[in-house]
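The values are calculated or read from the model by the stated rules, or taken from the named source; none is laboratory data. If you're wondering where the values come from, they're calculated on a predicted model, not measured in any experiment. Here the Cβ is made from the backbone with ideal geometry for all residues, glycine too, and neighbour counts use every protein chain on show.
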Amino acid sequence: MKKILAIAVLALGISFAAAAQPRAIGARMGWGFEASYQHTMKGADFLEADLGLFTTALNGAVVYNFMIAQPAWTDRGEWGFYAGPGGAVGIGVLNGAGGFNLSAAGQVGLEYTFWFPLQLSFDLRAQLGYAFGGKAFYFGIGPALSVRYRF
C-alpha cells in the first residue's frame, strides 16, 4: 500500500512540475517551414526543438537558448533576447551535398510574448556541419520569423 501511495504522490508531483513550465508550439518560417516547440527549463532559459522541410532537405534541430535580457519596453507582454548552442540532423540535399547531414547549430533572437497566449520571435540560426552523402562540409545561416501559441 505504501508503494502505491508513493508512486501516486510521485506521479502527481511530476505532473504539477510539468504543468508549471511554460511551453509554446507553432511554426518557424525562414528558408523553409518548421514545426516548432519550446519548453522553459531553468528560470527563463528554454529548449527549442524544430522539425522542418526545406526545398530539398528535412532538418531537425534542438537548441538550448539562454535568456540574456528581458527589457521592460512595454507595460503589457514580455520581451526577451536569447542565444544558445545546439545541434541538427537532416536528410536530403543541402548546399549541393546530399545524404545524411549532421551539424552544430547556434541561434540568437528576439521574442515578444503578448499578454494573451501568442508569441512572436525573430532569430538567426547558423549551422556548420558535414553532409556524409556528398562528403562535404557546409555552412548555412538564415533568418526566421516564428509564431507560437504559448500555454
(request) Return the total of residues in the stretch 68-85 being surrounded by fewer than 19 Cβ atoms within 10 Å (Cβ to Cβ) and in a strand (DSSP E or B). (result) 7
(message) Of all residues being in a strand (DSSP E or B) and of a type in the set (S, T, N, Q) in the stretch 86-139, which is surrounded by the fewest Cβ atoms within 10 Å (Cβ to Cβ)? Just the residue, please.
(response) Thr113
(message) Whether any residue in the stretch 18-36 is of a type in the set (D, E, K, R), modelled with pLDDT of 95 or more, within 21 Å of Pro143 (Cβ to Cβ) and surrounded by 13 or more Cβ atoms within 10 Å (Cβ to Cβ) is what I want to check.
(response) yes
(message) Please go through the stretch 118-149 and give me each residue that is within 30 Å of Gly77 (Cα to Cα) and modelled with pLDDT under 95, ordered by number.
(response) Ile141, Gly142
(request) Tell me which residues, restricted to the stretch 37-67, are in a loop (DSSP other than H, G, I, E, B) and either at positive phi or modelled with pLDDT of 90 or more (or both). (result) Met41, Gly43, Ala44, Asp45
